[in-house]
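Heads up: the structure comes next, in structure tokens.
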Amino acid sequence: MTATTDPYMQLLGLKTQLLEPGKAVVAAQVKPEHLNIHGSCHGGFLYSLADAAFALASNAHGTPAVALSTQMQYFKAVRAGEYLEAHASEENLGRRTATYRIEIRSGERVVALFTGTVFRMETSA
């Protein structure tokens, strides 16, 4: 396991495309096993994609960060075969908390929006 992947990301086929402090891009191809009963991409898969980008961006400063709250908005249906990217950007960085915005895109189309706040843990010296 590396700093840019974890077992859950591997299970879902998520790939880290960019990682720097406060930013991350995670990508995935939607496969048939990622679909819901309506034949579109399952919301849980979209959430997991966004959450992976959130975790990577918030931990890239070197200070351990854990989620305090998240919110997900779904805008457009996504079909099997679509290539998705979750673009995470830091909106606010404080001493103890930080907030991130993650857009899930299929090409130029924004299909979902995730926002999340983390608690930044103190590191032992």
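A short reminder: the numbers here are calculations on the coordinates, not readings from a lab. What you see is a predicted model; the values in this text were computed from it and never measured. So basically every Cβ, Gly included, is an ideal-geometry build from the backbone, and we count neighbours across all protein chains shown.
Things worth noting here:
- For the stretch 63-125 versus the stretch 1-45, the gap between their alpha-carbon centres in whole angstrom: 12 Å
- Counted residue by residue at 0.36 nm each, then reduced by the alpha carbon distance between them, the extension gain from R95 to Q71 reaches 6.4 nm.
- Whole-percent P(r), the stretch 36-125, all Cα pairs, 10 Å bins from 0: 17, 46, 24, 10, 2, 0.
- Largest-first ellipsoid semi-axes for the stretch 63-108, taking √(5λ) over the Cα gyration tensor eigenvalues, angstrom: 27, 11, 9
- Computed [θ] at 222 nm, deg cm²/dmol, the chain (DSSP H ≥ 4; -39,500 (n - 2.57); rounded to nearest 500): -5500 deg cm²/dmol
- Amide N of the stretch 19-59 lying under 16 Å from the label point, which is placed 7 angstrom from the Cα of T5 along Cα→Cβ: 19, 25-29, 49, 52-53, 56
- Charge dipole magnitude, Cβ of K and R +1, D and E -1 - the chain, Cα centre, debye nearest 20: 120 debye
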